[in-house]
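Since the structure comes first, as structure tokens, the remarks are kept for the end.
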Amino acid sequence: MKQKGQGRILNFSRQREIIYNQVMKYPTHPTAEEVYRSLKNDNPNLSLGTVYRNLNQLSEAGMLLKIPIADGSDRFDGRTDNHYHMICEKCLRVFDVELNCLDSIPQTVIEAEGHRITRVTLNLKGVCRECLSSENNKTEQ
Ligand SMILES: [Zn+2]
Ligand SMILES: [Zn+2]
């Protein structure tokens, strides 16, 4: 993992550490509530507000990625490198999608318009592979 500048290193409280590790453990882009529920049994003192606050601080520090979902709760991602997301409209899971073809957007925009693009975020909506195959199974029966 890339080392961040000194000023950006968060004071790693024990709580923040377990919250961070929990998101890193699950590549499912959990919501704050899901992180909270998965930790609650082992950490009865933890509150949903604490989880939410720590997740936001971790994402502000660049250690987690916050994925705002238009009609749902924010999701959090332990993967902070450049990648995109597809949200399944059936099961509402969020999947990582590699779209290398979009890497040229910042260069294209600066050449065409003169704007400097700092980040390309894109949420795709669709139906995931598993939901598609269970749909197909149903229609075959
Ligand atoms: Zn699905
Ligand atoms: Zn992701």
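The values are calculated or read from the model by the stated rules, or taken from the named source; none is laboratory data. Here the structure is a predicted model, which means the values were calculated and not measured. In this analysis, Cβ positions are derived from the backbone assuming ideal geometry, glycine residues included, and neighbour counts consider all displayed protein chains.
Please go through the range 93-120 and give me each residue that is farther than 25 Å from Ser73 by Cβ and touching a strand residue (DSSP E or B) at 6+ places or on another chain (Cβ under 8 Å), ordered by number. Please lay out each step first, then the result.
Looking only at the range 93-120, we keep the residues that are farther than 25 Å from Ser73 by Cβ, and these are 100-118.
Once the filter is applied, which keeps residues that are farther than 25 Å from Ser73 by Cβ and touching a strand residue (DSSP E or B) at 6+ places or on another chain (Cβ under 8 Å), the range 93-120 yields only Leu102.
Would you confirm, using the coordinates I've provided, whether Asn11 is more than 13 Å from the chain's Cα centre (by Cα) and modelled with pLDDT of 90 or more?
no
Among (1) away from ligand 2 (no atom under 16 Å from the Cβ); (2) more than 15 Å from the chain's Cα centre (by Cα), where does Cys128 come up short?
(1)
Would you check if there is a residue in the range 67-83 being in contact with a strand residue (DSSP E or B) (Cβ under 8 Å, 6 or more places away or on another chain), surrounded by fewer than 18 Cβ atoms within 10 Å (Cβ to Cβ) and basic (Lys, Arg)?
Yes.
Evaluate the following for His115: is it without any contact (Cβ under 8 Å) to a residue 40 or more places away in the chain and either within 16 Å of ligand 1 (Cβ to nearest atom) or touching a helix residue (DSSP H, G or I) at 6+ places or on another chain (Cβ under 9 Å) (or both)?
Working: without any contact (Cβ under 8 Å) to a residue 40 or more places away in the chain: yes; either within 16 Å of ligand 1 (Cβ to nearest atom) or touching a helix residue (DSSP H, G or I) at 6+ places or on another chain (Cβ under 9 Å) (or both): yes.
Against the criterion (without any contact (Cβ under 8 Å) to a residue 40 or more places away in the chain and either within 16 Å of ligand 1 (Cβ to nearest atom) or touching a helix residue (DSSP H, G or I) at 6+ places or on another chain (Cβ under 9 Å) (or both)), His115 qualifies.
For Asn136, all conditions in the list (1) away from ligand 1 (no atom under 16 Å from the Cβ); (2) of a type outside the set (Ser, Thr, Tyr); (3) loosely packed, with under 12 Cβ neighbours inside 10 Å hold save one; what is the number of the exception?
Result: Asn136 fails condition (1) only.
I need the full set of residues from the range 126-141 which are within 24 Å of Ala70 (Cα to Cα) and part of a loop (DSSP other than H, G, I, E, B), in order please.
Looking only at the range 126-141, we keep the residues that are within 24 Å of Ala70 (Cα to Cα), and these are 126-132.
Val127, Cys128 - these are the residues of the range 126-141 that are within 24 Å of Ala70 (Cα to Cα) and part of a loop (DSSP other than H, G, I, E, B).
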